[in-house]
Amino acid sequence: MTLPIILASTSVFRKQILDKLSLEFKCVDPACDESPLAGESADHLVERLAIAKAKAVAQQFDEHLIIGSDQVCEIDGQILGKPHTHENAVKQLQMASGKTVRFSTGLCLFNSKSQSIHSSVEYFDVCFRNLSKQIIEGYLHLEKPYKCAGSFKSEAAGIALFERLVGDDPNTLMGLPLIRLISFFEAENVRLFSNK
């Protein structure tokens, strides 16, 4: 019998992505400190936090499959997270203008019964157009993407900010790499689209 599934996130975006697989799951706030460690690379940060989020939720749910995920973007070697404010979002988009920005997404599937951990870091590159102040201000007032790493929503009007997107799985850019997650599910004997 497959263990119940928990998404260790309160993100509506991650919930919408996981809904695509038609699996039953519930969302639980992992309540983790997401501060980077001194000198920590983007890859190490997102993988560490994805695992930490899953394990934090496992303290309440000891026989579950728990999904943790975390994402940052990197511009010129600088790690950027969620902007939270309009001013920070303006700065992020000004930094991204005319550049290729790498998004690193950490993913973890933790079996809290067997203690097995599957984890990886998935990448997606976003090539930004040259963005005028008017485009940046207009876009931010339209979508207010202040809880999104990189200050945009690629699944909505944010697409107008880009020249090109480069990656294996568009879900990765939105915060939950489904192609990799499916392989983790298979390793834990989760059968997609099976009759209930």
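Once region 125-148 is narrowed to residues that are surrounded by 14 or more Cβ atoms within 10 Å (Cβ to Cβ), assigned to a helix (DSSP H, G or I) and not charged (D, E, K, R), the residue that is farthest from the chain's Cα centre (by Cα) is Ile135.
Against the conditions (1) open to solvent by less than 20 Å² (accessible area, probe 1.4 Å); (2) assigned to a loop (DSSP other than H, G, I, E, B); (3) more than 19 Å from Pro83 (Cα to Cα); (4) not acidic (Asp, Glu), Gly39 satisfies every one except (1).
What number of residues within region 60-69 are modelled with pLDDT of 95 or more and farther than 19 Å from Ser120 by Cα?
Within region 60-69, residues that are modelled with pLDDT of 95 or more and farther than 19 Å from Ser120 by Cα number 4.
Restricting attention to region 166-177, the residues being touching a helix residue (DSSP H, G or I) at 6+ places or on another chain (Cβ under 7 Å) and either more than 22 Å from His84 (Cβ to Cβ) or not in a loop (DSSP other than H, G, I, E, B) (or both) number 5. When each of Ser120, Ser151 is tested for being hydroxyl-bearing (Ser, Thr, Tyr), on the phi > 0 side of the Ramachandran plot and outside any helix (DSSP H, G or I), the lone residue that passes is Ser151.
Among the residues of region 53-109, just one is open to solvent by 10 Å² or more (accessible area, probe 1.4 Å), more than 18 Å from Phe185 (Cα to Cα), small (Gly, Ala, Ser) and assigned to a helix (DSSP H, G or I), namely Ala56. Here Arg180 meets the list (1) within 20 Å of Ile51 (Cβ to Cβ); (2) in a strand (DSSP E or B) almost entirely, failing just condition (2).
Residues in region 110-124 that are surrounded by fewer than 19 Cβ atoms within 10 Å (Cβ to Cβ) and either more than 22 Å from the chain's Cα centre (by Cα) or farther than 30 Å from Gln60 by Cβ (or both): Lys113, Ser114, Gln115, Tyr123. Just one residue in the set Ser194, Ser151 is closer than 21 Å to Val72 by Cβ and hydroxyl-bearing (Ser, Thr, Tyr); that residue is Ser151.
The values are calculated or read from the model by the stated rules, or taken from the named source; none is laboratory data. As the structure is a computational prediction, the values presented were derived from the model and not from experiment. Note: ideal-geometry Cβ built from the backbone for every residue, glycine included; neighbour counts use all protein chains shown. With ligands, DNA and RNA removed, areas are computed over all heavy atoms of the protein, side chains included. Shrake-Rupley method; radii C 1.70, N 1.55, O 1.52, S 1.80 Å.
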